[in-house]
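A.B. asks: Got a structure for you, written out below as structure tokens; questions coming shortly.
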Amino acid sequence: MKFNDDIKLFLKSIPNSYGQVFFSDQRMFALILIVVTFFDLYAGLLGFISVLVTNLSGFLLGFDRKTISKGVFGFNSLLVGLGLGIYFEPGPHLILVIIIAAILTLLISVSLQGVIGKYALPYLSIPFLLSIWIMTLATKDFAALGISERGIYTFNDLYTIGGGPLVRVYEWWNELQLPRSLRIYFISLGAILFQYNLLSGIILSIGLLLFSRISFSLSLIGFYTAYLFYDIIGANISELSYSYIGFNYILTSIAVGGFFIIPSKRSYFWVVILIPIVAMITISLSKVFAVFNLPIYSLPFNMVVLLFLYALKFRLKPSLALSEVVIQHNSPEKNLYAFHNDMVRFRQHEELPISLPFLGIWTVSQAHDGEHTHKNEFRHAWDFVITDSDEKQYMGSGDLLTDYYCFEKMVLAPADGTVELVVDRIPDNIVGEVNVKENWGNTVIIKHDDQLYTSLSHLKEGSIKVKEGDSIKEGDEIGRCGNSGRSPYPHLHFQVQETPYIGSVTKEYPISYHIHHRKDGFRLKSFELPELGDLVSNIERNDLLFSAFHFIPGRRYHFDMVINGEKKSSYWEVNTDPYNNSYIRCQPSGAMAYFVNDGNLMYFTHFTGDKKGLLYYFFLAAFQVQQGFYQDLKISDKYPLNLIYSQPLLGLQDLLAPFWIFLRSEYSCRYDWIDSDMSPSEIRLVSSARNFVAGREMKTFDFTLLVNEGGIHKFTVESDNLQLKATCTD
């Protein structure tokens with residue numbers, strides 16, 4: 001089994017090694033690149049051999065197979081093989097040199113991954129540069145190698161590959177009457193793969209346009225910015241024309257504008273700024289390298305991109321307008337749409353979740369920037385009390401501590417951690433009096449992470465259940481609400497801070513998931529700050545909902561369904577990948593819906609595969625589900641555009657996406673019905689997916705989900721041309 005997996009990974013590594021030249025993992029684009037490399041038959045063959053040797057050596061040496069399969073080692077060797085294959089006449093001696101160069105390139109790549117990678121920087125094509133320079137200098141003394149003359153006899157080579165028709169096609173394309181700048185652009189694009197002809201560049205540009213509209217537009221912007229700069233400063237444009245080093249500007253533009261940086265107005269602006277720097281480095285280093293009779297190849301591109309990415313890491317406050325790609329999707333479009341989606345859905349999910357430190361519904365009596373004590377360095381804190389339907393905090397006269405609803409109520413740990421400090425010796429005040437000498441009263445401080453502590457104050461004397469050094473879990477009781485310290489009436493003071501001391505400066509930090517109880521209904525709050533007067537509670541988990549959306553790895557589902565009158569079946573299985581990402585897989589189609597369940601929410605994060613199957617509609621219908629039932633609670637979210645829209649509309653959006661998002665796709669879910677509040681056996685959720693083009697609603701899907709004690713029971717989908725009813729039978 002492992003051997004078969006290795007074979008699959010090795011076969012996958014071959015096309016990916018080609019795609020990585022343009023930062024892509026698109027299989028069809030990789031096939032286009034492979035075809036273009038074989039316009040010079042021998043160079044293409046030697047490049048292919050170089051990829052095989054590198055990836056096979058990586059497997060034999062025991063390097064990470066998944067990394068090899070992505071092509072991140074092979075693409076540098078491909079370029080070395082192409083470069084040497086173009087320069088020298090083919091033969092057994094050259095093959096030997098190619099094998100040596102491929103292994104050397106692999107070793108350089110792995111080493112640079114360790115050296116540069118620890119700074120979270122890519123090594124780009126530096127292994128190619130080092131390897132081909134070493135080989136070029138070394139082979140000057142190799143009498144057995146002859147300089148290639150194939151460029152002189154191109155038609156003969158093409159005739160060998162494809163006969164007269166291929167020669168005529170090649171000749172027709174290369175004789176196209178194009179503006180000089182456009183001709184140089186196309187040949188510079190082809191030169192990335194050492195193909196110095198118009199046809200190669202045209203094919204590559206079409207490939208770029210088909211598989212990444214942003215990369216295509218950036219390639220033009222980068223090249224023409226350089227072309228204009230050469231013209232303005234009066235530099236010799238013939239250097240750009242004869243050696244076709246214009247690919248430095250193309251690659252720099254794609255890398256900075258859309259691959260390593262999220263595509264945006266700001267990233268495009270920096271492309272325009274950086275391209276003249278690339279030009280200066282290109283012009284100056286060409287003179288230096290000419291002394292050694294070496295081409296500079298892609299050195300300017302590598303220098304500027306690495307300098308820029310490294311410099312960005314020293315920003316005091318990273319900007320969302322110029323944001324580095326954290327999770328690489330190997331597509332500027334996917335990077336952009338994922339970024340926009342993550343900013344809406346997960347912008348604070350990297351924060352350690354802090355929940356409300358109590359059971360039931362409490363009222364915020366003083367919030368951040370409070371009117372009494374929450375000011376200046378103590379401004380980021382809350383006071384919580386319990387109120388009745390008349391918004392009173394007490395029953396009767398309120399003269400006694402026991403009159404207050406919150407007095408002696410349990411106070412809970414807001415997150416997992418270690419008890420850092422405990423004070424439990426301060427008497428509770430009589431109502432109306434305060435202890436200004438021992439301001440914070442009885443207090444527990446919990447350490448949750450480095451520079452992340454929570455402090456809970458004014459606790460009841462003698463009620464604290466924990467001691468310093470105890471490890472505690474979220475929801476553990478730590479004490480009871482009291483009236484100690486500077487507290488005229490019973491309440492709970494809660495704050496987040498960066499140091500483990502009483503009276504520490506407060507830290508602005510959101511409460512993770514909680515319910516806002518309003519007169520007009522319920523609202524789910526996600527990583528937000530409760531405000532003055534808010535009635536809030538943690539999510540009270542409904543066992544029926546929790547069980548239905550608790551997808552356990554290995555669990556299988558079978559659905560019988562009727563789609564527009566036609567009976568079909570669908571089979572799902574829950575699983576996890578090697579990176580511990582959970583997903584539901586449709587067995588017939590191979591479609592996969594990735595999800596996260598943190599105990600409060602189940603939400604989908606990504607989808608791959610058939611977008612006409614039941615799993616895709618379930619992905620849309622249950623895009624985000626919180627696991628407590630609150631009548632008529634509404635949840636809203638946004639879908640990633642690339643998972644909803646298709647070509648050609650998405651292609652147009654791709655071109656405009658860094659500047660204007662005119663597509664929108666919104667999710668909403670309403671908690672519609674429960675058969676019993678005390679002992680429910682059925683719950684119905686109603687959700688919808690609404691798509692908008694330039695603000696105008698274009699297409700709508702309406703969903704109904706019925707869950708029972710067995711889990712997901714029934715599922716319906718309705719749209720203009722779709723009627724689907726599915727029942728889970730297993």
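The values are calculated or read from the model by the stated rules, or taken from the named source; none is laboratory data. None of these values were measured; they are calculated from a predicted model. In this analysis, Cβ positions are derived from the backbone assuming ideal geometry, glycine residues included, and neighbour counts consider all displayed protein chains.
A.B. asks: ASN341: touching a strand residue (DSSP E or B) at 6+ places or on another chain (Cβ under 7 Å) and assigned to a helix (DSSP H, G or I), yes or no?
C.D. replies: Values: touching a strand residue (DSSP E or B) at 6+ places or on another chain (Cβ under 7 Å): yes; assigned to a helix (DSSP H, G or I): yes.
Yes; evaluated as a whole, the condition is true for this residue.
A.B. asks: Please work out which residue is nearest to HIS372 (Cα to Cα), limiting yourself to the range 418-455 and to residues that are among the small types (Gly, Ala, Ser) and surrounded by 16 or more Cβ atoms within 10 Å (Cβ to Cβ).
C.D. replies: At the first step, the residues of the range 418-455 found to be among the small types (Gly, Ala, Ser) are 432, 441, 455.
If we keep only those that are surrounded by 16 or more Cβ atoms within 10 Å (Cβ to Cβ) too, we end up with 441, 455.
Details: GLY441: 17, SER455: 19 Å.
The qualifying residue nearest to HIS372 (Cα to Cα) is GLY441.
A.B. asks: Looking only at the range 567-609, count how many residues are part of a loop (DSSP other than H, G, I, E, B) and either aromatic (Phe, Trp, Tyr) or on the phi > 0 side of the Ramachandran plot (or both).
C.D. replies: To start, the set of residues in the range 567-609 that are part of a loop (DSSP other than H, G, I, E, B) comprises 577-581, 587-591, 598-600, 609.
If we keep only those that are either aromatic (Phe, Trp, Tyr) or on the phi > 0 side of the Ramachandran plot (or both) as well, we get 579-580, 590, 599, 609.
Residues meeting the conditions: 5.
A.B. asks: While we're on this one: In the range 84-107, which residues are of a type in the set (Gly, Ala, Ser), crowded, with 24+ Cβ neighbours inside 10 Å and farther than 27 Å from GLN328 by Cα?
C.D. replies: GLY85, ALA101
A.B. asks: Just need a number here: residues in the range 611-642 that are without any contact (Cβ under 8 Å) to a residue 40 or more places away in the chain and not in a loop (DSSP other than H, G, I, E, B). Give the steps one after another, and end with the answer.
C.D. replies: Residues of the range 611-642 that are without any contact (Cβ under 8 Å) to a residue 40 or more places away in the chain, as a first pass: 611-612, 616, 619, 636.
Still in the running and not in a loop (DSSP other than H, G, I, E, B): 616, 619, 636.
Looking only at that region, the number is 3.
A.B. asks: Does LEU9 satisfy being crowded, with 21+ Cβ neighbours inside 10 Å and closer than 30 Å to ILE206 by Cβ? Spell out how you get there, then give the answer.
C.D. replies: On the way: crowded, with 21+ Cβ neighbours inside 10 Å: no; closer than 30 Å to ILE206 by Cβ: yes.
No.
A.B. asks: What single numbered condition from (1) within 17 Å of THR363 (Cβ to Cβ); (2) touching a Lys or Arg at 6+ places or on another chain (Cβ under 9 Å) fails to hold for TRP440?
C.D. replies: (1)
A.B. asks: All but one of (1) modelled with pLDDT of 90 or more; (2) on the phi > 0 side of the Ramachandran plot; (3) not aromatic (Phe, Trp, Tyr) hold for SER331; which doesn't?
C.D. replies: Among (1) modelled with pLDDT of 90 or more; (2) on the phi > 0 side of the Ramachandran plot; (3) not aromatic (Phe, Trp, Tyr), SER331 violates only (2).
A.B. asks: Might you check whether a residue that is touching a Lys or Arg at 6+ places or on another chain (Cβ under 7 Å) and of a type in the set (Phe, Trp, Tyr) occurs anywhere in the range 63-75?
C.D. replies: Step one: of the range 63-75, the residues touching a Lys or Arg at 6+ places or on another chain (Cβ under 7 Å) are 69.
Still in the list and also of a type in the set (Phe, Trp, Tyr): none.
Within the range 63-75 (the criterion being touching a Lys or Arg at 6+ places or on another chain (Cβ under 7 Å) and of a type in the set (Phe, Trp, Tyr)), the answer is no, since none of the residues qualifies.
A.B. asks: Output yes when any residue across the range 714-730 is surrounded by 12 or more Cβ atoms within 10 Å (Cβ to Cβ), without any contact (Cβ under 8 Å) to a residue 24 or more places away in the chain and outside any strand (DSSP E or B), and no when none is.
C.D. replies: From the range 714-730, those surrounded by 12 or more Cβ atoms within 10 Å (Cβ to Cβ) are 714-719, 722-728, 730; that's our starting set.
Within this subset, residues satisfying the condition of being without any contact (Cβ under 8 Å) to a residue 24 or more places away in the chain are 714, 716, 718-719.
The next check asks that each one be outside any strand (DSSP E or B); those that pass are none.
Scanning the range 714-730, I find no residue that is surrounded by 12 or more Cβ atoms within 10 Å (Cβ to Cβ), without any contact (Cβ under 8 Å) to a residue 24 or more places away in the chain and outside any strand (DSSP E or B), so the answer is no.
A.B. asks: Another question about this same structure. Restricting the search to the range 544-561, which residues are surrounded by fewer than 14 Cβ atoms within 10 Å (Cβ to Cβ) and over 31 Å from the mean Cα position of the chain (by Cα)? Steps first, please.
C.D. replies: Keep residues of the range 544-561 that are surrounded by fewer than 14 Cβ atoms within 10 Å (Cβ to Cβ), which gives 552-554, 556, 558.
Once the filter is applied, which keeps residues that are surrounded by fewer than 14 Cβ atoms within 10 Å (Cβ to Cβ) and over 31 Å from the mean Cα position of the chain (by Cα), the range 544-561 yields only HIS558.
A.B. asks: If you take the residues in the range 564-589 that are surrounded by 12 or more Cβ atoms within 10 Å (Cβ to Cβ) and of a type in the set (Gly, Ala, Ser), which one is modelled with the lowest pLDDT?
C.D. replies: Taking the candidates together, the pick is SER589.
A.B. asks: Looking at PHE247, PHE301, PHE260, PHE308, which one is closer than 23 Å to ASN330 by Cβ, modelled with pLDDT under 95, buried (at least 17 other Cβ atoms within 10 Å of the Cβ) and not polar (S, T, N, Q)? Explain how you work it out, then say what you get.
C.D. replies: Details: PHE301 fails: modelled with pLDDT under 95; PHE260 fails: modelled with pLDDT under 95; PHE308 fails: modelled with pLDDT under 95.
Step by step, each of PHE247, PHE301, PHE260, PHE308 is checked, and only PHE247 is closer than 23 Å to ASN330 by Cβ, modelled with pLDDT under 95, buried (at least 17 other Cβ atoms within 10 Å of the Cβ) and not polar (S, T, N, Q).
A.B. asks: So if I check each of TYR42, TYR18, which one is closer than 19 Å to GLY190 by Cβ, surrounded by 19 or more Cβ atoms within 10 Å (Cβ to Cβ) and either in the same structural domain as LEU251 (by TED's automatic domain parsing) or modelled with pLDDT of 95 or more (or both)?
C.D. replies: Details: TYR42 fails: either in the same structural domain as LEU251 (by TED's automatic domain parsing) or modelled with pLDDT of 95 or more (or both).
Among TYR42, TYR18, only TYR18 is closer than 19 Å to GLY190 by Cβ, surrounded by 19 or more Cβ atoms within 10 Å (Cβ to Cβ) and either in the same structural domain as LEU251 (by TED's automatic domain parsing) or modelled with pLDDT of 95 or more (or both).
A.B. asks: Does LEU532 count as outside the structural domain of ASN600 (by TED's automatic domain parsing), more than 19 Å from VAL385 (Cβ to Cβ), touching a residue at least 12 places away in the same chain (Cβ under 8 Å) and within 40 Å of the chain's Cα centre (by Cα)?
C.D. replies: Values: outside the structural domain of ASN600 (by TED's automatic domain parsing): yes; more than 19 Å from VAL385 (Cβ to Cβ): no; touching a residue at least 12 places away in the same chain (Cβ under 8 Å): yes; within 40 Å of the chain's Cα centre (by Cα): yes.
Considered against the rule, which asks whether it is outside the structural domain of ASN600 (by TED's automatic domain parsing), more than 19 Å from VAL385 (Cβ to Cβ), touching a residue at least 12 places away in the same chain (Cβ under 8 Å) and within 40 Å of the chain's Cα centre (by Cα), LEU532 comes out as no.
A.B. asks: Let me ask something additional. Would a scan of the range 47-68 turn up a residue that is outside any helix (DSSP H, G or I), in the same structural domain as ILE99 (by TED's automatic domain parsing) and either within 25 Å of the chain's Cα centre (by Cα) or closer than 12 Å to LEU106 by Cβ (or both)?
C.D. replies: From the range 47-68, those outside any helix (DSSP H, G or I) are 62-64; that's our starting set.
Next cut, in the same structural domain as ILE99 (by TED's automatic domain parsing) only: 62-64.
Subset that is either within 25 Å of the chain's Cα centre (by Cα) or closer than 12 Å to LEU106 by Cβ (or both): 63-64.
So far as the range 47-68 goes, yes, one or more of its residues are outside any helix (DSSP H, G or I), in the same structural domain as ILE99 (by TED's automatic domain parsing) and either within 25 Å of the chain's Cα centre (by Cα) or closer than 12 Å to LEU106 by Cβ (or both).
A.B. asks: Continuing with this model, one more query. Quick one: how many residues across the range 269-298 are surrounded by 21 or more Cβ atoms within 10 Å (Cβ to Cβ) and either at negative phi or among the charged types (D, E, K, R) (or both)?
C.D. replies: From the range 269-298, those surrounded by 21 or more Cβ atoms within 10 Å (Cβ to Cβ) are 271, 274-275, 278-279, 282, 296-298; that's our starting set.
This time we only want the ones that are either at negative phi or among the charged types (D, E, K, R) (or both), so: 271, 274-275, 278-279, 282, 296, 298.
Qualifying residue count for the region: 8.
A.B. asks: Which of the residues belonging to the range 637-654 are among the polar types (S, T, N, Q), within 14 Å of LEU336 (Cβ to Cβ) and surrounded by fewer than 19 Cβ atoms within 10 Å (Cβ to Cβ)?
C.D. replies: So in the range 637-654, the residues among the polar types (S, T, N, Q) come out as 642, 646-647, 653.
Among the residues that remain, those that are also within 14 Å of LEU336 (Cβ to Cβ) are: 642, 653.
Selection gives nothing.
A.B. asks: Which one of SER131, SER148 is surrounded by 17 or more Cβ atoms within 10 Å (Cβ to Cβ), modelled with pLDDT of 95 or more and within 21 Å of ILE192 (Cβ to Cβ)? Quick ask: steps written out before the conclusion?
C.D. replies: Details: SER148 fails: modelled with pLDDT of 95 or more.
The match here is SER131.
A.B. asks: Is there a residue in the range 652-663 that is in contact (Cβ under 8 Å) with a residue 40 or more places away in the chain and assigned to a strand (DSSP E or B)?
C.D. replies: Looking through the range 652-663, none of the residues is in contact (Cβ under 8 Å) with a residue 40 or more places away in the chain and assigned to a strand (DSSP E or B).
A.B. asks: Which of the residues that make up the range 618-636 are over 18 Å from ILE584 (Cα atoms) and buried (at least 18 other Cβ atoms within 10 Å of the Cβ)? Steps first, please.
C.D. replies: Of the residues in the range 618-636, the ones over 18 Å from ILE584 (Cα atoms) are 626-636.
Answer for the range 618-636, where residues must be over 18 Å from ILE584 (Cα atoms) and buried (at least 18 other Cβ atoms within 10 Å of the Cβ): GLN626, GLN627, GLY628, PHE629, TYR630, LEU633, ILE635.
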